[in-house]
Ligand SMILES: *Cc1c(COP(=O)(O)O)cnc(C)c1O
């Protein structure tokens, strides 16, 4: 990642011919001011009882986990959520001290060892796994209680015992030495859906299981259920922690939630024009000649391709922004490069910046637009940008 100064050098000059940027063919820009704004907007929705867990799994949905985690914590988040042990270790190695919940399943002695060593907090999902944890900690004479989180299944059919068995499972873990239950949680399957039937059913199952625990004499220390969509939908789903991913990054889980909160997209994807050429009618473009020029045409080659995370399925379906205007992509997207039709713009120069995802002037293209073309969701688009693209974080708008 470029240093703050290098980044600001670009920001203040507004040109591309500064510092290391000259050599970047393509990159991902992360707007930390937007991220901080989103975190503060989300916190405003929460009552004082509820804490915000910033979900930074999958390298913070492609935004860079350490930078995102630090900014989110400075802006009002108090928990971090990751999917795997190495993701948690990366945050600890960067000096982050906030509690880190591992949302995924962990089983092996190596994982348990790392969890204890790095002060990470695992999710317990079955009696068998809970015993592996407890036995291992006993075997190494673990000197205190490992904080653990219990997950049960209220309708996602993913991790955890069913809601019917949840209270019994909690009681079992409660009795194991070396483990301390910090929270009890479940995950919603349809929170993005305007029809709340399934979500309400899941919430009822959650409530029923908690009531059963209380009847057994176990006072659940801390409860959580909501992802981004549920957090935006209803306060009754907030409980003690909300686990927010997508909304941190400035995207809406569904169109009907746009009115609930104002968010600013954090990530932009940019690349440079590497060559400009005129082609004559009848000239084919790129592999397979899917595109054949019908007229005299000026095309620009752009230094980004499917190996950077631009799905090849977007070939001839996507547009890009250059000089504040939308232009079409033409021909097959190749591994490292793609072609665009710049006939409508005068005198495009090599080195000019093309925005694939982001904003130029009044025009914008967001991950959602790609997701719609590809019949997928914006979560997948964000996670798809490869690490070949340097992540450049800055605190002030670049343009
Ligand atoms: C990924 C994840 C989240 C965050 O979901 P968003 O829809 O991105 O807010 C929350 N909880 C769990 C268990 C997850 O796996």
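First check a/c for the stretch 267-365, with a ≥ b ≥ c the square roots of the eigenvalues of its C-alpha gyration tensor; if it is under 1.5, answer rounded, and if not, answer prolate when a/b is larger than b/c or oblate otherwise.
On the way: a/c = 1.73, a/b = 1.21, b/c = 1.43.
Verdict is oblate for the stretch 267-365.
Can you tell which of 244, 301, 68 shows the greatest fluctuation in a Gaussian network model of the chain with Cα springs below 10 Å?
Maximum among the listed residues: 301.
Between 355, 197, 274, which gets the highest mean-square fluctuation from a Gaussian network model of the chain, Cα cutoff 10 Å?
197
Would you mind classifying the stretch 70-158 by shape? Square roots of the alpha carbon gyration tensor eigenvalues, ordered a ≥ b ≥ c; an a/c under 1.5 is rounded, otherwise it is prolate if a/b is larger than b/c and oblate if not. Intermediate values should be presented prior to the final figure.
On the way: a/c = 2.16, a/b = 1.26, b/c = 1.72.
Verdict is oblate for the stretch 70-158.
Compute a Gaussian network model of the chain, connecting alpha carbons closer than 10 Å, and tell me which residue from 83, 211, 54 fluctuates the most.
In this elastic network of the chain, the residue with the biggest mean-square fluctuation among 83, 211, 54 is 211.
Using only the alpha-carbon atoms, how far is helix 127-139 inclined from the longest principal axis of the chain? Give it as 0 to 90 degrees, nearest 10.
On a 0 to 90 degree scale, this one is about 80.
How far is helix 4-13 tilted, in degrees, relative to the longest principal axis of the Cα atoms in the chain, given as a value from 0 to 90 rounded to the nearest 10?
40 degrees
Please label the shape of the stretch 32-248 as rounded, prolate or oblate, based on the square roots a ≥ b ≥ c of the eigenvalues of the alpha-carbon gyration tensor (a/c under 1.5 means rounded; beyond that, a/b larger than b/c means prolate, else oblate).
It is oblate, given that a/c is not under 1.5 and a/b is not larger than b/c.
With a 10 Å radius around each residue's Cβ, average the other Cβ atoms per peptide and rank 315-321, 106-112, highest first.
So the peptides 315-321, 106-112, ranked by packing, come out 315-321, 106-112.
As I understand it, the value is the acute angle between the Cα axis of helix 163-175 and the longest principal axis of the Cα atoms of the chain; what does it come to in degrees, rounded to 10?
Between helix and principal axis, roughly 60 degrees.
Please report the relative contact order for the chain, taking Cα pairs under 8 Å with a sequence separation of at least 6, and give it as a percent rounded to a whole number.
19 percent
PRE reach from residue 274 (point 7 Å along Cα→Cβ): which of the stretch 355-396 fall under 15 Å by backbone N?
Residues 388-390 fall inside that zone.
Rounded to the nearest 500 deg cm²/dmol, what is the calculated helix-only ellipticity per residue at 222 nm for the chain, with -39500 (n - 2.57) per DSSP H run of length n ≥ 4? Spell out each step's value before the answer.
Details: 12 runs with 124 residues, N = 399.
Helix contribution divided over all residues of the chain: -9000 deg cm²/dmol.
Relative contact order for the stretch 267-365: what is it in percent, counting Cα pairs under 8 Å that are at least 6 residues apart?
Taking the mean separation of contacting Cα pairs over the length of the stretch 267-365, I get 35 percent.
Where a number appears in this text, it was derived from the coordinates with a stated rule and is not lab data. Note that the structure is predicted; figures quoted are calculated from it, not measured. FYI the Cβ positions are ideal-geometry reconstructions off the backbone, even for glycines, and counts take in every protein chain you see.
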